[in-house]
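Asker: Sending over a structure as structure tokens; questions will come in a sec.
The values are calculated or read from the model by the stated rules, or taken from the named source; none is laboratory data. Note that the structure is a prediction, hence the values are computed from the model and not measured. In this analysis, Cβ positions are derived from the backbone assuming ideal geometry, glycine residues included, and neighbour counts consider all displayed protein chains.
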Amino acid sequence: MSIHMSMPQFTKTSSTVALCSLASFVNSADRVIMPIAIIQLTDEFKWDMHGQGWVLSAFAVGFMSSMVLGGKAAKKYGGKSVLTLAVWIWSMSTFVTPFFATSIPALIFLRVLLGFGEGLGMPSIFHIFAHTIPVEERSRAFGYLVALGSIGQTVAALVSPYLHWSWMFYLFGSIGFVWVLLWIVLYTEVRTSIEEEEFIQPPKVTSSNVRWAEFISHWSLWSIYIAHFSMNWSNYMIMQWLPTYMARNLGANKQDMMFTAVPHIMNSVFGVVAAHFADGLIAQKWSVLSVRRLMTSIGLLGPGIFLLFFSAVSNLLLAMILVSVSMGLSACNSSGHLSNHADIAPHHAGITYAISNTLATIPGIVCGPMTAELVTQSHGRWFPVFIIAAGVNFVGGVIYLSQSAASQVL
């Protein structure tokens, strides 16, 4: 009897994680097409480095603008509806990009629209996970979510160099449309009222009347926000500029661009291994807080160190090994501060994640123009870019270690 009762819950949890992780796959693939395509686009349309920087950073403007909206909308209308809309928006903006590629302003608009859709999506997934995933399985759920995102980046990095730039956008935009159909058919949402979904494990505090000031009044929340900001600083820099850095500074050719998949593969592997390791530690009676701090420390301090090593080498193979280890260690954050939202604010995880990712998208806006300016002003030297990224990681790690918590505050 107990086996019969546990199977539906297992199936529901697994299918939810699988579908949301596939959305993360599409999300991440669509996000990294432009950094690869921009090499072909620049050669064809003769863009300067500042033009490239604004096109690459435009995504973050849209991403930043919609995340709080996504968290609120998921809470009010349900995660299923908002995530459906989100994936449709970002897939459509990807698919139509080739039709407007001759105009930088039009491309910037489509990149903003892509970011807007993806900004709606991730808070919806965090909201869904907080309602449907038991606490003892959350590290794995977030680990698979991040891992499938990395696999999406890997597939895009492997396939895109062999395609004309227009077909990169057609292909991955179409995959998003297929996902929308699967999601509508396969995912069922249980709602107990007009504005709320059913919890698989009801939180200790269930009041939905939380003042907005509460979301910025707790140091335990700020430690997450700052850690997320720090993680994204180096991740955006790598995502936006790695193909260009390889081509212009490490002498990479078209075939070598496949190496951009390696950091994403490492991110996937490390994310899944770290997630199972973290849940294993919790099962062995480690406190949730100690596990979150351990994984965040590895996920911030480790990448900072390896980025410094990466910046000091000129050999392509060695450079790719170092940046791959850096990105791999970064995946440990999925079992650290990213999982921490559902621990301290389960009823409002979509909103806290939205606020966190809104702040953490500032690096995505700043990194494009700032990197272009730093490299230009230093006559082609990239060392200042990597020094800043490593320093941000170190500061974020120290703050999270000293200020984080795992007890519910909202």
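Asker: Restricted to region 214-270, and to residues that are farther than 21 Å from Val155 by Cα and among the aromatic types (Phe, Trp, Tyr), which residue is modelled with the lowest pLDDT?
Answerer: Taking the candidates together, the pick is Phe215.
Asker: Can you tell which of Phe259, Phe309 is within 18 Å of Val325 (Cα to Cα) and buried (at least 20 other Cβ atoms within 10 Å of the Cβ)? Talk me through it step by step, then tell me what you get.
Answerer: Details: Phe309 fails: buried (at least 20 other Cβ atoms within 10 Å of the Cβ).
Answer to the selection: Phe259.
Asker: Quickly run through region 93-142 and pick out the residues that are in a loop (DSSP other than H, G, I, E, B) and over 28 Å from His164 (Cα atoms).
Answerer: Restricting attention to region 93-142, the residues satisfying the condition of being in a loop (DSSP other than H, G, I, E, B) are 96, 101-103, 133-134.
Listed by number, the residues that qualify are Ile133, Pro134.
Asker: Okay, moving on. Quick one: would you say Asn249 is under 30 Å from Glu136 (Cα atoms) and not β-branched (Val, Ile, Thr)?
Answerer: Values: under 30 Å from Glu136 (Cα atoms): no; not β-branched (Val, Ile, Thr): yes.
For Asn249, the condition - under 30 Å from Glu136 (Cα atoms) and not β-branched (Val, Ile, Thr) - is not met.
Asker: Another question, then. I want to confirm something. Restricting to region 55-91 and keeping residues that are in a helix (DSSP H, G or I) and over 20 Å from the mean Cα position of the chain (by Cα), which single residue is surrounded by the fewest Cβ atoms within 10 Å (Cβ to Cβ)?
Answerer: First pass over region 55-91, keeping only residues in a helix (DSSP H, G or I): 55-77, 79-91.
Keeping just the survivors that are over 20 Å from the mean Cα position of the chain (by Cα) gives 75-77, 81.
Details: Lys75: 24, Lys76: 13, Tyr77: 15, Ser81: 15.
Looking at the filtered set, the residue picked out is Lys76.
Asker: Out of all the residues in region 92-115, which are over 17 Å from Leu41 (Cα atoms) and either surrounded by fewer than 24 Cβ atoms within 10 Å (Cβ to Cβ) or of a type in the set (A, V, I, L, M) (or both)? If you could, list the steps in order and put the result at the bottom.
Answerer: The initial filter retains those residues of region 92-115 that are over 17 Å from Leu41 (Cα atoms), namely 92-93, 112-115.
Correct list: Met92, Val112, Leu113, Leu114.
Asker: Could you list, ordered by first residue, the pairs with Cβ atoms under 9 Å in which the first is in region 209-222 and acidic (Asp, Glu) and the second is part of a loop (DSSP other than H, G, I, E, B), at least 6 apart or interchain?
Answerer: Glu214/Val409; Glu214/Leu410
Asker: OK, next. List pairs: first in region 319-336 and within 18 Å of Ser139 (Cα to Cα), second surrounded by fewer than 24 Cβ atoms within 10 Å (Cβ to Cβ) and among the acidic types (Asp, Glu), Cβ under 8 Å, 6+ apart or cross-chain?
Answerer: Ser335/Asp279
Asker: Can you name every one of the helices (runs of 4 or more DSSP H) wholly within region 292-410 that holds 1 or more residues which are farther than 28 Å from Arg111 by Cα and modelled with pLDDT of 90 or more? Working first, answer last.
Answerer: Working: elements: 316-330, 337-344, 349-359, 362-377, 383-403.
Passing ranges, in order: 316-330, 337-344, 383-403.
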